[in-house]
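Asks: Quick one: the structure is below, and I'll ask about it shortly.
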Amino acid sequence: MEQWLSATRDFGFDHLTVMTAPTSHDTRLAPLIIEGTLPESYLREFDADGMLKHCIVVEELAKSIMPQTWTLERGVEGSNEPFTDEMKSLLRRHKLSMGVVIPVFALDAGRYVIRYDGNRPPLSCTEIGHLSMASMQAFDVFDRLRRSGTNQNVLSARELEVVRWTAQGKTSLEIGQILSLSDHTVNAYMTNAIKKLDCVNRTQLVAKALRMKLIS
């Protein structure tokens, strides 16, 4: 996941989400997420207002296997239907002015999507092509690990972020402010990471994560 998160930053995005592709029967976004760094407050508001049932991106994904890009003001590229005022307000509050959703398929025929969100200008066609290829390659590795069960000690995307900020000397409170999480949630991610890597404290965790090249 570290390489995947690095690619996310390289393309100017702030958040990466790996999730099961939503269908017309799904009503909430959070349960679909396998790995992700979207703020919990965003997911809470999105699901509380039932936005998935009226999401233009989901509608377009049901029609095509091509990547879907969107901007805050224009909505989904190629669609004449704009975002609702509620959706615009939510995206604006979380500084998510642009995003792309890339459909991918697992070897077991399951359909998933890779979602990138951030506050950057729209992607060029060349950037979409490069990002799509990088996403498919990364998901192939992710899917193989997922199915083989060998990723049980691999840190999640959110756990990696918490460990990375800890390595930079940030406290739980500071990390929570950066990632829009409570310090309690940050500590929970830290505890999970410590258990997964069989460490006894944060100092050992950071040292081991660096040695394993999980963070840099």
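The values are calculated or read from the model by the stated rules, or taken from the named source; none is laboratory data. Remember, predicted model here, so these are calculated numbers, not experimental data. Positions of Cβ are generated from backbone atoms using ideal geometry, with glycine treated the same way; all protein chains shown enter the neighbour counts. With ligands, DNA and RNA removed, areas are computed over all heavy atoms of the protein, side chains included. Shrake-Rupley method; radii C 1.70, N 1.55, O 1.52, S 1.80 Å.
Asks: Go through the residues of the stretch 129-149 one by one and say whether even a single one is in contact (Cβ under 8 Å) with a residue 60 or more places away in the chain, surrounded by 13 or more Cβ atoms within 10 Å (Cβ to Cβ) and more than 30 Å from ALA209 (Cβ to Cβ).
Replies: No - not one qualifying residue is present in the stretch 129-149.
Asks: Then there's this: Quick one: in the stretch 37-69, which of the residues that are open to solvent by less than 20 Å² (accessible area, probe 1.4 Å), out of contact with any helix residue (DSSP H, G or I) (no Cβ under 6 Å at 6 or more places or on another chain) and not aliphatic (A, V, I, L, M) is farthest from HIS94 (Cα to Cα)?
Replies: CYS55
Per-residue answers, yes or no, for (1) touching a Leu at 6+ places or on another chain (Cβ under 9 Å); (2) in a loop (DSSP other than H, G, I, E, B):
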residue	(1), (2)
ILE34	no, no
TYR42	yes, no
ASP47	yes, no
LYS53	no, no
GLU59	no, no
ILE65	no, yes
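Asks: Please determine, by comparing only the residues of the stretch 182-216 that are assigned to a helix (DSSP H, G or I) and touching a residue at least 40 places away in the same chain (Cβ under 8 Å), which one is nearest to the chain's Cα centre (by Cα). Write out each step before concluding.
Replies: Of all residues in the stretch 182-216, those assigned to a helix (DSSP H, G or I) come to 183-196, 202-211.
Checking the rest, the ones that are also touching a residue at least 40 places away in the same chain (Cβ under 8 Å) come to 185, 196, 205-206, 209-210.
Numbers: THR185: 17, LYS196: 21, LEU205: 23, VAL206: 22, ALA209: 21, LEU210: 22 Å.
Ranking the candidates gives THR185 first.
Asks: Looking for whichever is surrounded by 14 or more Cβ atoms within 10 Å (Cβ to Cβ) and not small (Gly, Ala, Ser) here; the options are THR126, THR185, THR203. Which one fits?
Replies: Result of the check over THR126, THR185, THR203: THR185.
Asks: Between a residue in the stretch 103-125 that is within 13 Å of ARG144 (Cα to Cα) and in a strand (DSSP E or B) and any residue that is open to solvent by 10 Å² or more (accessible area, probe 1.4 Å) and among the β-branched types (Val, Ile, Thr), which pairs come within a Cβ distance under 9 Å, given they are 6 or more apart or on different chains?
Replies: Matching pairs, first to second residue: PHE105/ILE65.
Asks: For the stretch 12-32, how many residues are open to solvent by 40 Å² or more (accessible area, probe 1.4 Å), outside any loop (DSSP other than H, G, I, E, B) and in contact with a strand residue (DSSP E or B) (Cβ under 7 Å, 6 or more places away or on another chain)?
Replies: Adding up the residues that qualify gives 1.
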